[in-house]
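Take a look at the structure set out below.
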Amino acid sequence: MDVKRITEFFPNYFCAGIFPNNTDALEAIVKVKPQLVFFNTSVKPNSNITIEVLAESFEYLPLIPYIIVLSPTNVFALNSIQNGMSDYITESNFHTLGKCLSKFEKYIPTIPQKSICIKSYSDYRFLNYTDIVYVKADNNTTDFKLINGSIVTAYKTLKYFELSLPPYFIRIHKSYIVNIYFISRIHFSKSRCYLNFNEELPFSNNYRNSVEHILYLNLIGN
C-alpha cells in the first residue's frame, strides 16, 4: 500500500513524513507528536526499523501514538500484538484501511477542527468554518464565499471538499454546498434556499432529501 496516497482517499488526514530509518522516524514522532503512525514491514532491507525497536523506543514517549502495521503477509502479526502495536493490515486496499481508521477514530477522539486550509498555487489560506457561507463548484475549481463577501478559489473539485467539511455543510445542488447556519428561508416550490445576506441558492430535486434534512436539524435545534 502506498502510504503517500492515503490522504487522497482520506483528506482529513495529514502525512507529516515518511522515514526509512529508526532514528529519523523517532525524531519526527517526538517533534510532531502524531496520533497515528504507519509501520511498513516492506521497507528496504538496509532500514534499521524493527517492531521490537519501535516498541522499546515508545516506552520513553509521554504519549504513545496509535500504530498500524502494514504487511503483505501475516508473518509479523503475532510479533506486532506481543509488542503492543494497535492494528495490523495485510490487504492492500483502501476499503480495509477505511475500517481500520474507523477503529482508530473511535479509540482516539479527534479534536474538532475550526478551520480548513485552502491551497491556491503557492498561496495557503486558513478559513474558519464559521466564516464560510457556501461553497460553489466552478469547473475544476471551487469558490468559497465568505461572510465578509470575499471569495477564495481553491484548485480542487467540490467533491473533494464535500468529504472534508463538517456535517453542517450540506450539498444542495451539483454546484453548491451550503453552511446551514446561514440559511434563513427555504422555498420548496421555487427550489430556493435564501441566505441571511439577501442571497439565494438553487437546490435540485436530487438533493431535496438533504434540504429536508436541514429543516429537520433546525426543528431539533429549536
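The values are calculated or read from the model by the stated rules, or taken from the named source; none is laboratory data. All values reported here derive from a predicted model rather than from experimental measurement. For neighbour counting, all protein chains shown are included, and Cβ atoms are generated from backbone atoms with ideal geometry for every residue, glycine included.
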Scan the stretch 172-186 and report the pairs whose first residue is in contact (Cβ under 8 Å) with a residue 12 or more places away in the chain and whose second residue is small (Gly, Ala, Ser) and in a strand (DSSP E or B), with Cβ atoms within less than 8 Å and a gap of 6+ or a chain change.
-> 174/137; 175/137; 176/137
Can you spot a residue in the stretch 112-123 that is assigned by the TED database to the domain that holds residue 38 and of a type in the set (Asp, Glu)?
-> no
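Being of a type in the set (Asp, Glu) and closer than 19 Å to residue 25 by Cβ, is that true of even one residue in the stretch 70-92?
Looking through the stretch 70-92, at least one residue is of a type in the set (Asp, Glu) and closer than 19 Å to residue 25 by Cβ.
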Within the stretch 148-159, is there a residue that is touching a helix residue (DSSP H, G or I) at 6+ places or on another chain (Cβ under 9 Å), surrounded by 11 or more Cβ atoms within 10 Å (Cβ to Cβ) and closer than 18 Å to residue 117 by Cα?
-> yes
Can you tell me which residue within the stretch 140-193, out of those that are in contact with a strand residue (DSSP E or B) (Cβ under 8 Å, 6 or more places away or on another chain) and charged (D, E, K, R), is farthest from residue 9 (Cα to Cα)?
-> 185
Yes/no for residue 114 being in contact with a helix residue (DSSP H, G or I) (Cβ under 7 Å, 6 or more places away or on another chain) and among the charged types (D, E, K, R) | yes
